[in-house]
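FYI, it's all coordinate maths here, none of it is from the lab. None of the values given here were measured: they were computed from a predicted structure. Note that we place each Cβ from the backbone using ideal geometry, even for glycine, and neighbour counts take in every protein chain shown.
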Amino acid sequence: MSRRSSLGCSRSWKRRLRAAPHLAERGRARPRHHAERFVLHKSLSVRPHSFGVMTERSDPASREANSSHLPASWRADWTCGSASDPRLLRTFSGHGAPVVAVTTAVVDARPVVVSASRDATVCVWDLATGERLHTLTAAPPDPMSSLSPELVALATVVVDGRPLVLTCHTDGTARLWDPETGRSAGELALVLAQLVLDGRHVVLAVQADRTLGVWDRATGSRLGVFPWMVDMGTLDGRKVVVTCPPDHPAQVWDLATGREVGECLPAQGPWTLEGRHIAVTEEEGGPGRVWDLDRHVLLAADLRDLLTDAEYGDALSALAAVDTVSALTVVDDRVVVLDSHYEGAPELVGDLTPVVFPDDPSATLILEGRRVALAVGVGVGMEVDHTLRFWDLSTRPMDPTGSDGTRNMHNSMRSIPLEAAAGKELTKGEPRDLVDLARLISARTNGLLATEGSGETWAEATSRNLVPGDTPFSLLSGPDGTVTLRHTPDPSSAGGVQTGHTDRVWAVAGTPVGTRTLAVTTSRDRTVRVWDLATGEQEGEPLTGHTGQVWDVAITTLDGRAVAVTAGEDHTVRTWDLTAARGDGGRLRTGHTASVLAVATAVLDGAPVLVSAGADHAVRTWDLTTGSQVSDSLSAEVSAMATAVVGAAPVVVTAAPDATLHMVELATGRTVHRPFLSGHGRVLAMASAALDGLPVLLTAGSDRVVGVWDLTTGQPLVAPLTGHSSRITAVATTVLDGRPVAVTGSWDKTVRLWDIATGRQLGEPLTGHTDWVTAVATATLDGVPLAVSRSRDRTIRLWNLSAGQEIYAVQAAESGSGNTLAVSATADGRLVAAFGDDRTVRFRDLIAGSPAGTDHLLPFPVHSLVAAPGGRFAVGFGCEVGVLSRAS
């Protein structure tokens with residue numbers, strides 16, 4: 001049967017939408033044609049790049065989890081690499097995916113940061129304390145795809161003195177949020193048309209959830225709301241709206257009264273009867289009526305009226321086999337909407353004539369030469385209403401109230417009283433895209449335009465408009481990584497060109513600092529750079545701290561200081577003091593360039609040192625107190641590492657991936673022994689001990705045995721220790737009854753105790769863990785040797801080695817487990833266990849069985865931990881190392 005699309009070939013704005021592949025899959029769990037029911041909704045010209053989505057939720061739990069405003073129980077004495085950049089103020093962690101957009105605002109005289117992530121959340125942070133104030137999470141998912149609309153633009157705006165957050169989404173909506181409460185503050189609507197409806201001038205606009213709203217221009221009151229609108233038409237001289245909710249056939253509504261027109265009936269068909277295409281509706285309490293689909297009228301009250309008894313049975317079987325028509329909407333015995341199971345929108349037929357709109361929906365209107373946006377549901381304070389409001393976008397270029405202390409263009413606006421717009425012509429304006437409207441409001445363009453699903457990336461020219469003094473100007477980026485200053489009144493007058501980036505610039509921000517104007521840029525070359533726009537020179541070294549791409553940057557002020565805020569692929573938001581842009585107040589400690597795999601401590605020339613081994617094949621030695629490197633780095637590929645003293649010289653022993661053991665002096669790098677094979681398939685853990693003054697090394701491997709080595713000769717001391725039934729992942733040493741012993745942990749879920757001198761197992765295995773044992777450490781309390789074990793069962797267990805018994809078990813982490821565990825005695829007599837949980841070091845008082853202070857958050861995942869003198873802990877996180885101590 002020939003079917004006519006309800007879109008109408010003259011409606012170019014609908015035809016363009018059909019080509020939007022990123023929305024074409026948003027079909028409900030029925031045959032494919034429902035994926036295109038929402039063609040009006042698809043016409044909103046949303047570009048296919050994605051940040052995340054939201055709904056309102058003030059998040060007290062997140063405040064507890066991010067309680068950086070509380071005094072920290074543990075502090076970093078020093079760190080190397082990016083974490084030691086003196087310009088780095090804070091790292092905000094909490095997003096579960098890359099952070100791709102940031103902006104700033106001032107809420108109740110307090111500067112805040114707003115960040116958007118691909119984890120489908122937007123967070124509001126207190127800039128001064130790092131406290132996460134609110135988390136705006138996924139909006140209700142699309143009932144058809146079960147996916148939430150993705151975020152494509154983020155901006156902050158001040159309207160009538162009230163700060164708001166604007167988010168634009170792939171479903172064509174532009175939502176407003178109150179950063180003070182974390183609650184919804186309405187939305188911006190796309191204007192579809194202006195009509196005279198029953199003598200009233202009305203505005204038709206598209207809202208969230210594919211909703212058509214009807215507003216009285218004179219009063220701003222909402223006259224009608226039609227969720228899931230797919231088309232409009234004229235029936236019997238009246239405007240009607242066709243809606244199609246998920247899992248429901250199409251319905252027709254009178255636009256003026258809001259009442260449903262006609263009835264929607266399930267149907268079967270089409271079937272050919274005497275050359276006519278017919279459908280039969282399914283009706284309760286009576287026979288199904290027969291409808292002529294060619295003339296769109298009622299043909300018969302019952303199919304039996306048209307067929308003999310024999311023909312009737314065959315017709316029922318034929319209709320049951322047809323799977324095209326799903327429902328008919330009928331008015332006064334006329335078919336006006338035909339709904340099918342197949343691809344395509346519900347079809348407007350018969351006397352229901354589609355309305356053809358000459359223009360696309362528009363994000364802005366022109367009122368007496370002024371560009372205005374339509375806001376709905378904004379309300380006042382905690383109250384949210386559905387009144388229509390006009391926002392004047394044309395009176396803001398020189399507003400000095402920008403949240404970053406700069407006279408930003410297009411950062412604040414005011415409402416236009418409805419009476420001022422009464423009787424005046426409104427025409428559609430530019431931009432018509434809500435994403436471009438967000439850029440207009442924020443006066444900047446972010447260079448990142450990406451679609452996660454396709455894996456493709458598009459880039460636009462990044463720009464930022466500023467008014468640092470009395471003259472507005474723009475910062476424009478080029479594809480070669482350059483940034484050009486251009487004076488806005490005279491576009492031909494270009495300023496200096498900043499060079500330094502080696503690839504496209506993602507984002508640009510600028511601000512005055514004293515008598516200078518600084519710009520901050522982020523680039524595809526993974527660097528963040530600060531520039532003096534007057535001289536064109538770069539201010540100091542690039543801001544280092546993020547790993548991976550830095551997608552966005554914003555600038556604000558805190559206590560009179562200019563602060564840059566950056567959004568990273570590493571899931572973090574970082575803040576930087578631009579007044580220290582030249583590196584004043586310290587210098588970076590250069591360190592590893594790849595992940596730190598192992599750390600250990602030693603004494604070199606009478607001073608405690610930290611030894612770290614990285615995936616960059618470097619072994620570095622650091623002064624444990626100052627963090628300075630005390631010797632040249634050594635070259636070694638390391639899977640495990642330990643330190644010892646051989647012949648009065650401190651040495652480091654490393655195991656290569658092929659299980660070969662290498663031993664060199666820490667001070668000189670001189671090789672002590674020729675490399676020797678351990679015999680393990682792979683060395684997974686190492687520890688050292690002293691046996692009657694003899695330095696001994698223990699190696700644990702994937703071959704389920706522990707090797708014991710004389711470090712003075714490089715030869716085995718005793719036969720390998722056997723007993724574990726699976727790979728051995730951890731080994732530590734202590735003294736029991738005056739003799740050195742080894743403690744091992746294995747995938748066989750047991751902890752075992754060994755006499756190093758004889759190679760014999762002492763007692764029965766220590767059992768209690770229900771999954772792999774991944775780490776062990778030892779300590780002594782009141783002369784009693786203790787062992788601490790960590791398992792993939794997410795527990796930490798404390799063992800009395802003298803009695804061979806478990807003392808207690810505690811929960812180790814909220815999720816997952818790892819192989820990082822260390823135990824240290826603090827100056828106040830506490831015995832503290834530290835263990836890594838992703839980017840956090842957690843502390844446990846082993847005597848009290850309670851937390852030993854606030855968790856310490858690091859910018860990168862924790863890979864290694866070791867106890868250090870003075871109750872401290874040395875930690876390897878990402879490609880950096882540092883020392884943590886208990887705050888006094």
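Which loop GluC sites (Glu not before Pro) in the stretch 178-287, with loop taken from DSSP, have no more than 16 other Cβ atoms within 10 angstrom of their Cβ?
Working: sites: Glu180, Glu187, Glu260, Glu263, Glu274, Glu282, Glu283, Glu284; in loops: Glu180, Glu274, Glu282, Glu283, Glu284.
Answer in residue order: Glu274, Glu282, Glu283, Glu284.
Give the dimensionless ratio obtained when the Cα radius of gyration of the stretch 591-677 is divided by 2.2 N^0.38 Å.
Numbers: Rg = 11.9 Å, N = 87, 2.2 N^0.38 = 12.0 Å.
That ratio works out to 0.99.
Give me Leu604, Leu558 sorted ascending by neighbouring Cβ count inside 10 Å, so fewest comes first.
Details: Leu604 19, Leu558 16.
By the 10 Å Cβ count, ascending: Leu558, Leu604.
With θ taken as phi - 60° and the Karplus curve 6.51 cos²θ - 1.76 cosθ + 1.60 applied, the whole-hertz 3J(HN,Hα) list for the stretch 871-880 is x, 9, 9, 9, 9, x, 9, x, 9, 10 Hz, x standing for glycine and proline. Computed extension gain for Thr499 through Glu537, at 0.36 nm per residue and net of the alpha carbon distance, reaches 12.8 nm.
As a rough footprinting exposure proxy, the listed residues Met229, Met663 were ranked by other beta carbons within 10 Å of their own, and the order from fewest upward is Met663, Met229. Using a simple spin-label model with pseudo-atoms 7 Å out from Cα toward Cβ, Lys424 and Arg670 lie 8.9 nm apart.
Note that the stretch 545-551 has calculated 3J(HN,Hα) couplings of x, 6, 10, x, 5, 10, 8 Hz, one per residue in order, obtained from phi through the Karplus relation 6.51 cos²θ - 1.76 cosθ + 1.60 (θ = phi - 60°); glycine and proline are x.
In debye, nearest 20: dipole of the stretch 591-677 around its Cα centre with unit charges on the Cβ of K, R (+) and D, E (-)? List each step's numbers first, then the result.
Values: 3 positive and 7 negative charges, 26 e Å.
Charge dipole, the stretch 591-677, about its Cα centre: 120 debye, nearest 20.
Charges were assigned to the Cβ only: +1 to each Lys and Arg, -1 to each Asp and Glu. The resulting dipole of the stretch 740-853 about its Cα centre is roughly 140 debye.
Just subtract the alpha-carbon distance of Asp632 and Arg162 from 0.36 nm times their residue separation and send over the number in nm, one decimal. Provide the component values of the computation, followed by the final result.
Numbers: separation 470, 0.36 × 470 = 169.20 nm, distance 5.73 nm.
Length gained between Asp632 and Arg162: 163.5 nm.
Placing +1 at every Lys and Arg Cβ and -1 at every Asp and Glu Cβ, with all other atoms neutral, what dipole size does the stretch 554-711 have around its Cα centre, in debye to the nearest 20?
Taking the Cα centre of the stretch 554-711 as origin, the dipole is about 120 debye.
Between Asp658 and Glu284, how many nm apart are label points set 7 Å from Cα along the C-beta direction? For the pair Asp658/Glu284, the computed spacing is 8.0 nm.
Within the shell of other residues whose beta carbon sits under 12 angstrom from the beta carbon of Ala690, the net charge comes to -1, with Lys and Arg scored +1 and Asp and Glu -1.
Quick one: net charge around Gly738, please, counting Lys, Arg +1 and Asp, Glu -1 for every other residue with C-beta under 14 Å from its C-beta.
Every neighbour counted, the sum reads -2.
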